[in-house]
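Quick notes on the structure that follows.
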Amino acid sequence: MGGDNTHSGAPQPVQPSLAFLKLNKTASKQSKSTYNVVSETMAFKSQISDVVNQLYDIGGLKFGDFVIKSGRRSPIYVDLRVIISHPKLMNEISKLMWDFASSNIQKCDSLCGVPYTALPIATLISARQEIPMLIRRKEAKGYGTKKLIEGDINAGESCVIIEDVVTTGSSVLETVADLRKEGLVVTDAIVIVDREQGGPKNLEKEGINCHSVCTLMQMMDILKASGKVDDLMLEKVQAYLQDNNDSTPVYPVTKVNKRTISFETRAEKAPCEVSKNLLQLMARKRSNLCVAADVGSASDLLEIAKQVGPYICVLKTHADVTANFTQDVADDLILLAQQMDFMILEDRKFADIGNTVAKQYSGGYFDISRWADLVTVHSLPGEGVLQAIQGESEKLGAPRGCFLLAEMSSEGNLITMEYIKGTTQMATKYPKIVAGLVCQSLLLADQVGLVQLTPGVRRGEVKEDGLGQQWVTPEEAVIDKGGDVIVVGRGVTAAKNPAVEAKLYRDDLWAAYEKRILA
């Protein structure tokens, strides 16, 4: 349908310059959910490549660690909301979408963009092709007409959905349901990006043909060819898709979701005695702050502990970077912890065979098991490291626990999706000794007894230290990333008055926690 033609109730064949565009008819016949293969024509490939590179340049494609609507964690986030500030690109995308899919759509009496990102795209297509448009509200207004669907609605007519990104297809299906309630026929959806995570298949089950301009991996291949991502990121996204290629999240967000449950309630369900005690302590003290006292001398360590003790739930130590750390210093720490009601976490990051870890944990110069309630552990060596920690703890006769390191806050770390998956599986196999996970995002949301320890947090505008450490705000750590115990280091220890700063962090973090459980 040319832009100068009046609306005739159905799309017309695309005129040159893209009249030679060949859609993959075989793939379309095999599955009406369109994992559409990129056109063989160099012109069309060039258009897609140009759009993808522009999206990257304006921040429409972000790489990091994100929780998307489906509840899954993702190393890539397709954020097409930014295109509203780039009208030329938005116009190119809208034209590309229609040219790509129109010849495969039997009837189109109206268009409806999924709120909200797709609305301006649908508007451009509507105006260019002179096809009526409908708007679906996310919720009906309590005044006026109180309509959920705005526009001229004629029951029995066909409406085509416009969407930016499809993951599981839930947003499209919500829109489809409301349109069908009005008597409209909905059989097609045009989307820019298919994240290859089950969306088109889910839509097909509901009678919707999904026409996607490109897939996530096609975008990654384009960015790799342009030198904008490296092989490591390409492999990370590939691994992510292999683990997330259907409609079921790898880490299910079930009806029992620890994000919205109080620490007191979670403590009742914790199988690890230390995590139970920690959750109770946090609720009792109204603090989810852990201060990382990575200081160079024993006197500084004890002074920091005295100043921040009233405001923290955990003091994190690195005994091996603290000069003159002796068992007398450890005894002083134990006494301060008892007086001020906090736990001690030695950030040892055990990562050796079980026999060696047992010796490192109990005995040697530091004799860590004697004074540390908690330690950090890498899962890389396998289950032997947990068996060693658990065995030594049982000999000690005092409650002890560990945090398994699932993710890190440092830029360029080598942790993969497979490593994260293996780590979470180990955590569930050793519930008596694993108190929680060190991670940057919500993992094992249904395991309410596991405590999420989230590092890399700092107030203010500074986001990195130049040595790979990346920081987020207290609210981002608690609400966006799902953190329970939040680790703050130099933001407190390097402050002119650590006690004052610790109190500010404690207040901000607790307010974020209360906001989270009431959401």
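Nothing in this text is a laboratory measurement; each read-out follows from the coordinates by a stated rule. Since this is a predicted model, take the numbers as computed values, not measurements. A quick note on method: Cβ atoms are made from the backbone with ideal geometry, for glycine too, and the neighbour counts reach across all protein chains shown.
Of F350, F366, F342, the sequence from fewest to most neighbouring Cβ atoms within 10 angstrom is F366, F350, F342. Between the C-alpha center of the range 343-361 and that of the range 403-417 there is a gap of 18 Å.
Rounded to the nearest whole Hz, the Karplus-based 3J(HN,Hα) values (6.51 cos²θ - 1.76 cosθ + 1.60, θ = phi - 60°) of the range 90-102 follow the sequence 4, 5, 4, 5, 4, 5, 4, 4, 5, 4, 5, 9, 4, with x at glycine and proline. Ordering T260, T187 from the fewest to the most neighbouring beta carbons within 10 Å gives T260, T187. Listed by Cβ neighbour count within 10 Å, with the fewest neighbours leading, V488, V51, V500, V357 appear as V500, V51, V357, V488. All other residues whose Cβ lies under 10 angstrom from that of C439 are scored, Lys and Arg at +1 and Asp and Glu at -1, for a net of 0. In percent, rounded to a whole number, the relative contact order of the range 383-502 is 22, using alpha-carbon pairs under 8 Å and six or more apart. Model label points for D152 and M340, set 7 angstrom from Cα along the Cα-to-Cβ axis, are 7.2 nm apart.
Taking square-rooted eigenvalues a ≥ b ≥ c of the alpha carbon gyration tensor, is the range 258-518 rounded, prolate or oblate, where a/c under 1.5 means rounded and, failing that, a/b exceeding b/c means prolate? Rounded, because the longest to shortest axis ratio a/c is under 1.5.
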